[in-house]
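First comes the structure, then the notes that go with it.
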Amino acid sequence: MYDFYCLDPHDDEADLWAFRLGLRPPRVPLPGKVATPDTRPLPSAGHPLTVEVLDEAWVDGVPGGWSAQRVAICVLDAHNASMQPADVLAFVAARSQWNPVSTESARHWRRGAPVRVQEDGTWELDREHDAVWSARLAVQDRIVAVRNRATQRIDPAVAEASRARAEEARQANAERLASLRRVVVHAFPIGTPEVVVLLDVDQHEIRTFVGAEIAEARRHLAEYDVIAALDVRPLLRALAFEPGERRLADLGPPQKSKKLNKQGRSLKITTSLLIQGSCGIASPLAEEETLRRHLHEGAQTKLRRRLEADAKSLFALYQYGRLHGAVRLRWGFLDEWIPVPWVHRDEPTLYKLKSRARELKVGLDVVVGTAPGWAEPWSRVREAFAEEDPSGWRTTLVDELGLPIDEGEVQMARVREEDVELNRQVIKALE
């Protein structure tokens, strides 16, 4: 028994690696640089520093690795005079948020240091000390680094234009992905299918083909752009259907097992386990023995109903993964997320829907709990709002009463378009 491996050209990560390896150009042209190289001569280590030289060297602040003594040397050398410690501190503080110098710094300098404390408390620099030469070279190196970084900085206007173009490209790709026709396929047995179920994701329709009707199922498969199924590639081979450039989504577990403890005990992850954890369906997929018994007894009605129910469970998992970008593994003490490969980064996940709702200042329609019913999926709809948590790093969903909603329990979500239209009418009236 051999495993077959192939590269999915539509996979988001494969596309990213193609860019990293130089196999495709950037989708958005790189923005231009803000400045040409600075060709002015560098300060010489044989001459004292100046305030202008330090301003250039410390334009981004004092380097983190510099000692208090080196910083004091630079300030005293640039002023060519003795200075009060407070004045040295003020000079540095005006140019850097990080200041290693304190009024007590001189107590920690060794005997023979280049900075001497005078009787009146001022600091005086011995310019013949080797540390002064070293400090000037460090300033020189710092200026070289500052000038090199300046040539790599992006013009803010150009960067904003590039960001806008990238956002337009993402939006266009999201609309293209949304227009793709999708189907969930379920068959039994997978190796030699005798019953095939096609679930149209967008039309919300199910068609079942038995025996000789499977030839018609192949014809219908050709109408779709995205095909999702358990063991999708072996199934299509068994159906003698060549997918070509269509997108394929394997609904099998993205991760096969989970280590439970240091003793090596592990949990085998199955599709049924992921459907239970994500969608709350108690018995998502029929046992193979049950299906074989129905097939052997010729109980086609029972077999069709069971396979159609299984297809609905796979559809619920597929939609959950599209909404969250991951599926949920819940078993005993485990409650973890497993990313799924069938979601492109440009598709509208729950995170993006929340961001969109906050941007438009509208609510969201959500279905929370177990997978929605097949006949009326929005029958349990609730209104939710995306709010920023106190840390400002993430948004959370709350209901009409302000109570938090467990986002892992959200099965469906959409921006409330009626609120968007109402806002537009209000803005138009105010104008």
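The values are calculated or read from the model by the stated rules, or taken from the named source; none is laboratory data. All figures in this text were calculated on a predicted structure; none of them were measured in a lab. Note: ideal-geometry Cβ built from the backbone for every residue, glycine included; neighbour counts use all protein chains shown.
Within region 321-340, take every residue that is in a loop (DSSP other than H, G, I, E, B) and modelled with pLDDT of 90 or more and give me the one that is surrounded by the fewest Cβ atoms within 10 Å (Cβ to Cβ).
Once the filter is applied, the top-ranked residue is Gly325.
Under 7 Å between Cβ atoms, which residue pairs at least 6 apart in sequence (or on different chains) link something in region 312-333 that is in contact (Cβ under 8 Å) with a residue 40 or more places away in the chain and under 12 Å from Gln276 (Cα atoms) with a partner that is surrounded by 22 or more Cβ atoms within 10 Å (Cβ to Cβ) and among the aromatic types (Phe, Trp, Tyr)?
Filtered contacts from region 312-333: Val327/Tyr320.
Is at least one residue of region 149-165 part of a helix (DSSP H, G or I), within 18 Å of Arg322 (Cβ to Cβ), in contact (Cβ under 8 Å) with a residue 60 or more places away in the chain and not assigned by TED's automatic domain parsing to the domain that holds Arg292?
Residues of region 149-165 that are part of a helix (DSSP H, G or I), as a first pass: 149-152, 156-165.
Now drop any that are not within 18 Å of Arg322 (Cβ to Cβ), which leaves none.
Scanning region 149-165 turns up no residue that is part of a helix (DSSP H, G or I), within 18 Å of Arg322 (Cβ to Cβ), in contact (Cβ under 8 Å) with a residue 60 or more places away in the chain and not assigned by TED's automatic domain parsing to the domain that holds Arg292.
Of the residues in region 43-87, how many are in contact with a Pro (Cβ under 7 Å, 6 or more places away or on another chain) and farther than 22 Å from Ala106 by Cα?
The total comes to 1.
So that you can scan it fast, the table gives a plain yes or no per residue for (1) touching a Gly at 6+ places or on another chain (Cβ under 6 Å); (2) under 18 Å from Ala282 (Cα atoms):
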residue: Gln300; (1), (2): no, no
residue: Glu308; (1), (2): no, yes
residue: Tyr320; (1), (2): no, yes
residue: Leu323; (1), (2): no, no
residue: Leu329; (1), (2): yes, yes
residue: Trp337; (1), (2): no, no
residue: Lys352; (1), (2): no, no
residue: Arg356; (1), (2): no, no
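State which residue pairs qualify: first residue under 10 Å from Ala78 (Cα atoms) and inside region 39-58, second residue outside any loop (DSSP other than H, G, I, E, B) and among the acidic types (Asp, Glu) in any location, beta carbons under 6 Å apart, and separation of 6 or more residues or different chains.
Close Cβ pairs (under 6 Å, with a partner that is outside any loop (DSSP other than H, G, I, E, B) and among the acidic types (Asp, Glu)) amount to Pro48/Asp77; Leu49/Asp77.
Considering each residue of region 359-386, count those that are exposed (fewer than 15 other Cβ atoms within 10 Å of the Cβ) and either in contact with a strand residue (DSSP E or B) (Cβ under 6 Å, 6 or more places away or on another chain) or part of a helix (DSSP H, G or I) (or both), and give that number.
Within region 359-386, residues that are exposed (fewer than 15 other Cβ atoms within 10 Å of the Cβ) and either in contact with a strand residue (DSSP E or B) (Cβ under 6 Å, 6 or more places away or on another chain) or part of a helix (DSSP H, G or I) (or both) number 1.
For region 64-82, state whether one or more residues are of a type in the set (Phe, Trp, Tyr), at pLDDT 90 or above and in contact with a helix residue (DSSP H, G or I) (Cβ under 9 Å, 6 or more places away or on another chain). I'd like the intermediate steps shown before the answer.
Looking only at region 64-82, we keep the residues that are of a type in the set (Phe, Trp, Tyr), and these are 66.
From what's left, at pLDDT 90 or above: 66.
Cutting the leftovers down to in contact with a helix residue (DSSP H, G or I) (Cβ under 9 Å, 6 or more places away or on another chain) gives us 66.
Yes: region 64-82 contains one or more residues that are of a type in the set (Phe, Trp, Tyr), at pLDDT 90 or above and in contact with a helix residue (DSSP H, G or I) (Cβ under 9 Å, 6 or more places away or on another chain).
Picking from Pro372, Pro390, which residue would you name as being at pLDDT below 90 and out of contact with any helix residue (DSSP H, G or I) (no Cβ under 6 Å at 6 or more places or on another chain)?
Values: Pro372 fails: at pLDDT below 90.
Going through Pro372, Pro390 in turn, the sole match is Pro390.
Across region 257-282, which residue is nearest to Gly369 (Cα to Cα) among those that are modelled with pLDDT of 90 or more and in a loop (DSSP other than H, G, I, E, B)?
Gly280
Would you pick out the residues in region 311-346 that are in contact with a Phe, Trp or Tyr (Cβ under 7 Å, 6 or more places away or on another chain), more than 19 Å from Ala229 (Cβ to Cβ) and of a type in the set (A, V, I, L, M)?
Ala326
Please list, ordered by first then second residue, the pairs with beta carbon atoms under 7 Å, 6 or more apart or interchain, first in region 111-138 and farther than 24 Å from Ala86 by Cβ and of a type in the set (Lys, Arg), second at pLDDT 90 or above and surrounded by fewer than 18 Cβ atoms within 10 Å (Cβ to Cβ).
none
Take the residues in region 98-136 that are hydroxyl-bearing (Ser, Thr, Tyr) and crowded, with 16+ Cβ neighbours inside 10 Å, then tell me which one is modelled with the lowest pLDDT.
Restricting to residues being hydroxyl-bearing (Ser, Thr, Tyr) and crowded, with 16+ Cβ neighbours inside 10 Å, the top hit is Ser105.
Please go through region 387-415 and pick out each residue that is part of a loop (DSSP other than H, G, I, E, B) and either small (Gly, Ala, Ser) or touching a residue at least 12 places away in the same chain (Cβ under 8 Å) (or both).
Residues satisfying the conditions are Ser391, Gly392, Asp399, Glu400, Gly402, Ile405, Asp406.
Does region 185-219 hold any residues that are part of a helix (DSSP H, G or I) and surrounded by fewer than 20 Cβ atoms within 10 Å (Cβ to Cβ), and which are they?
Of everything in region 185-219, those that are part of a helix (DSSP H, G or I) and surrounded by fewer than 20 Cβ atoms within 10 Å (Cβ to Cβ) turn out to be Gly211, Ala212, Glu213, Ile214, Ala215, Glu216, Arg218, Arg219.
Could you grab me the full set of residues in region 71-83 that are surrounded by 22 or more Cβ atoms within 10 Å (Cβ to Cβ) and under 29 Å from Arg153 (Cβ atoms)? Steps first, please.
Step one: filter region 71-83 for residues surrounded by 22 or more Cβ atoms within 10 Å (Cβ to Cβ), giving 71-76.
Hits for region 71-83 are Val71, Cys74, Val75.
So, in region 137-152, how many residues would count as being exposed (fewer than 14 other Cβ atoms within 10 Å of the Cβ) and out of contact with any strand residue (DSSP E or B) (no Cβ under 7 Å at 6 or more places or on another chain)?
Looking only at that region, the number is 6.
Starting from region 1-28, take each residue that is closer than 24 Å to Ala159 by Cα and list its partners that are polar (S, T, N, Q) and at pLDDT 75 or above, counting only C-beta distances under 7 angstrom and pairs at least six apart or across chains.
That search, which allows pairs on different chains as well, returns Val28/Ser162.
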